[in-house]
Amino acid sequence: MQHNAVVFVYRLLQYPDSPLREIRRAINTSIGRISYGFDVSPTDAPFVELAERALQSFEHSTRPGRWSVDLITALRHLPDWVPFPFVRAAKHWRTGVVQEVAEVPLQQAIEDIAQGKGKLCLVADLMRDHPDLKCDGSALDLIKWTAAASYLGGSDTSISILSSFVLAMVLHPDIQRKAQAEMDSVVGVDRLPEFSDRPSLPYLDCILKELYRWQPPAPMVFPHLVEKSFTYQGWLFPKGSLVIANIWGILKENEMYENPNEFKPERHWNGSVLDPTEPTFGYGRRVCPGAPLANKSLWMFMATMLATVDICPQTSVDGAEIKPQRKYNELPVQQPCPFPCVIRPRNSMTGVLIDTCLWERH
């Protein structure tokens with residue numbers, strides 16, 4: 001994870017005006033490495049681009065109320081030849097980019113494993129632990145979709161949170177300076193942060209929790225089916241009913257979080273408020289299984305950025321700072337709209353640390 005974070009910062013400094021684009025590339029590359037063992041080069045990333053297309057299809061298809069079948073569920077039984085837009089779209093996605101994003105990376109990973117080039121990853125673990133799966137079509141299909149789910153399921157939410165981190169640092173330079181001061185006191189300036197430093201960097205953990213609360217990636221989670229009737233605060237939830245958790249409302253509760261629209265990491269210092277991690281990653285059987293991995297990955301990206309770069313607002317021709325707006329799109333997993341900012345190295349040691357880490361890797 002540290003190497004992925006260092007490559008990310010290296011590219012940020014190469015393209016200082018395009019942090020949101022580099023965030024998408026970095027997160028997709030990182031998850032592709034974990035799922036399939038790919039070391040995607042900065043200049044050639046076909047699998048990352050494939051994942052991007054699949055995510056765009058997902059965002060397009062899951063917009064609330066977009067399809068008539070969302071309101072009249074009996075329409076899902078219509079045959080493929082019926083000329084309803086949602087039928088054609090579902091068939092196109094099912095046999096097109098969704099199938100491609102599940103099949104192409106898997107076959108490449110299997111080929112790498114067969115040639116002895118496979119790296120430690122989810123697919124390699126499953127193939128090694130269950131060698132008989134290679135001849136079992138249904139089991140191989142399970143591996144394919146498990147890997148694809150981990151590849152795609154963790155991308156957009158992590159992209160959203162890391163993009164919100166950049167926006168928050170531009171809007172609140174005092175918080176950025178405080179986090180950097182903590183980083184310098186623990187890590188110093190002659191090395192990069194490691195996971196062993198995390199217990200000594202509590203303010204950074206507070207920032208991550210506040211990001212979950214301030215701008216949850218999915219303000220409304222997907223509907224959950226009630227499997228057994230229950231009563232909550234006098235309300236009956238019968239078996240078979242749908243429950244949609246209002247994550248945004250939970251994490252903006254005035255009685256729990258004072259001035260909830262403010263970005264204030266200090267509110268998480270003493271554990272007196274609800275930890276927003278649980279609502280952010282879901283409930284019940286559908287809780288995100290990759291939550292611990294996402295949390296660690298986001299922490300490493302944020303820590304490496306704070307140690308090596310300054311996240312600054314852009315300036316106008318007359319030298320005035322351009323303060324970005326906190327504006328997000330309306331997709332199921334929300335992303336901040338493009339905003340002006342620039343990435344600068346913190347000091348003369350930044351380039352040395354990054355080059356040393358990349359050199360040691362190779």
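No value in this document is a laboratory result; all are computed from the given coordinates. Here the structure is a predicted model, which is why all the values come from computation and not from measurement. Cβ coordinates were reconstructed from backbone atoms using ideal geometry, including for glycine residues, and neighbour counts include every protein chain displayed.
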Straight-distance crosslink candidates among aspartates and glutamates, where the alpha carbon sits under 17 Å from Lys323 and sequence neighbours closer than 8 are dropped = Asp17, Asp174, Glu262, Asp310
Given that just one value was derived from the coordinates, which of (1) 1.06; (2) 0.98; (3) 1.08 is Rg/Rh (Cα atoms, Kirkwood Rh)?
-> (2)
Under-5 Å amide H pairs with Val221, H placed in peptide plane, nonlocal only | Ala245, Ile247
Least to most buried among Tyr212, Tyr283, Tyr10, by other C-beta atoms within 10 Å and fewest first, runs Tyr283, Tyr10, Tyr212
Could you check the simple spin-label distance between Thr356 and Arg326, using points 7 Å along Cα→Cβ, in nm with one decimal?
-> 3.8 nm
Setting aside same-chain residues fewer than 8 positions from Lys264, which lysines have a Cα under 16 Å from its Cα?
-> Lys178, Lys209, Lys252
Quickly rank 101-110, 221-230 as a protection proxy: mean count of other C-beta atoms within 10 Å, highest first.
-> 101-110, 221-230
Return the aspartates and glutamates within reach of Lys117: Cα separation strictly under 12 angstrom, same-chain partners fewer than 8 residues apart disregarded; answer none if there are no such residues.
-> Asp39
